Amino acid sequence: MPSPQMLLEKLQALPPERLEEVEDFIDFLSAKSRRLAALDRLLAVAPALVAADAPPMTEEEIQAEIDAVRAAARGQRADRP
């Protein structure tokens, strides 16, 4: 596994346009990690929902939840300097 110092040295050697690509890839990896974490949280509560005999969500309810989370995330990003 490369050390943070080695990665930093490699980053410093890249031209600016390549740094933008690296940043995009880091953002992609971060988003992927967040999606996987969200799926893990969902799967962790699924047995409790089944045990509680909770009714399944409709596609519209699922989409509304997704939209609400995305709107909240956009709001948090807008608050950052």
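FYI, it's all coordinate maths here, none of it is from the lab. Here the structure is a predicted model, which means the values were calculated and not measured. Quick reminder, even Gly has a Cβ in these numbers, built from the backbone with ideal geometry, and neighbours come from all protein chains shown.
Quick notes
- Residues that are of a type in the set (V, I, T) and either outside any helix (DSSP H, G or I) or in contact with a Phe, Trp or Tyr (Cβ under 6 Å, 6 or more places away or on another chain) (or both) within the stretch 51-73 comprise just one, T58.
- Restricting the stretch 1-23 to residues that are of a type in the set (D, E, K, R) and surrounded by 10 or more Cβ atoms within 10 Å (Cβ to Cβ), the residue that is nearest to I66 (Cα to Cα): E23
- No other residue among A48, A37 is of a type in the set (G, A, S), in a helix (DSSP H, G or I), surrounded by 10 or more Cβ atoms within 10 Å (Cβ to Cβ) and without any contact (Cβ under 8 Å) to a residue 24 or more places away in the chain apart from A37.
- Any hit, the stretch 74-81, residues being without any contact (Cβ under 8 Å) to a residue 12 or more places away in the chain and not in a helix (DSSP H, G or I): yes
- Qualifying residue in the stretch 16-30 (condition: outside any loop (DSSP other than H, G, I, E, B) and of a type in the set (S, T, Y)): yes
- Matching residues in the stretch 47-81 - criterion: being over 20 Å from the mean Cα position of the chain (by Cα) and aliphatic (A, V, I, L, M): A48, L49, V50, A51, A52, A54, M57
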